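Q: Supplied in structure tokens, the structure appears directly below.
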Amino acid sequence: MSTATGAQGSAGLPTGSMGTLTQEGAVVTVLITVGVGLLYKTSGKQDRRRILGGFATLAILGFLPGVAASLGWLPDSVNGIGAWAKNGLSQGGGA
């Protein structure tokens, strides 16, 4: 291949990871998704386009390794919110 292209060796593809969600984090993610879906249903035409544009932008940027690595705090935050909510609900809402 180097004779055809003139390239000297190959570089590996960069990778990035945002982390993993716990069960509590997954529940928070589903609730946010349902909320955005309801917001989409009740919005006007212009706002629907903005919501779809934001979704597409985040989906595309999420595939880029540098962006995925810089958003590494996001799953931890969602997991923390889910754990906080689970603890609050399991204690009956009292502090």
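Q: Name the residues in the stretch 38-63 that are without any contact (Cβ under 8 Å) to a residue 12 or more places away in the chain, under 24 Å from G19 (Cβ atoms) and open to solvent by less than 90 Å² (accessible area, probe 1.4 Å), would you?
A: Across the stretch 38-63, the qualifying residues are G54, A56, T57, A59, L61.
Q: Separate question: On the given criteria, is T22 in contact (Cβ under 8 Å) with a residue 60 or more places away in the chain and either surrounded by 11 or more Cβ atoms within 10 Å (Cβ to Cβ) or at positive phi (or both)?
A: Answer is yes for this residue.
Q: Give the stretch 54-92 a look and list any residue that's in contact with a helix residue (DSSP H, G or I) (Cβ under 7 Å, 6 or more places away or on another chain) and over 20 Å from V36 (Cα atoms), or say none.
A: V67, A68, A83, K86, listed by residue number.
Q: Also, quick follow-up: Mind telling me which of the residues G66, G82, G12 ends up being touching an Asp or Glu at 6+ places or on another chain (Cβ under 7 Å) and either exposed (fewer than 15 other Cβ atoms within 10 Å of the Cβ) or not aromatic (F, W, Y) (or both)?
A: On the way: G66 fails: touching an Asp or Glu at 6+ places or on another chain (Cβ under 7 Å); G12 fails: touching an Asp or Glu at 6+ places or on another chain (Cβ under 7 Å).
When all the criteria are applied, what remains is G82.
Q: Could you check the stretch 85-95 and list, in sequence order, the residues that are surrounded by fewer than 10 Cβ atoms within 10 Å (Cβ to Cβ) and on the phi < 0 side of the Ramachandran plot? First the steps, then the outcome.
A: Of the residues in the stretch 85-95, the ones surrounded by fewer than 10 Cβ atoms within 10 Å (Cβ to Cβ) are 89-95.
Of everything in the stretch 85-95, those that are surrounded by fewer than 10 Cβ atoms within 10 Å (Cβ to Cβ) and on the phi < 0 side of the Ramachandran plot turn out to be L89, S90, Q91, G94, A95.
Q: Pull up the stretch 69-79, narrow it to residues that are modelled with pLDDT under 85 and open to solvent by 60 Å² or more (accessible area, probe 1.4 Å), then point me to the one that is farthest from M18 (Cα to Cα).
A: Checked the stretch 69-79; the qualifying residue farthest from M18 (Cα to Cα) is S70.
The values are calculated or read from the model by the stated rules, or taken from the named source; none is laboratory data. Keep in mind it's a predicted model, so treat the numbers as computed, not measured. A quick note on method: Cβ atoms are made from the backbone with ideal geometry, for glycine too, and the neighbour counts reach across all protein chains shown. The area values use the complete protein model at the heavy-atom level, side chains included, leaving out ligands, DNA and RNA. Shrake-Rupley method; radii C 1.70, N 1.55, O 1.52, S 1.80 Å.
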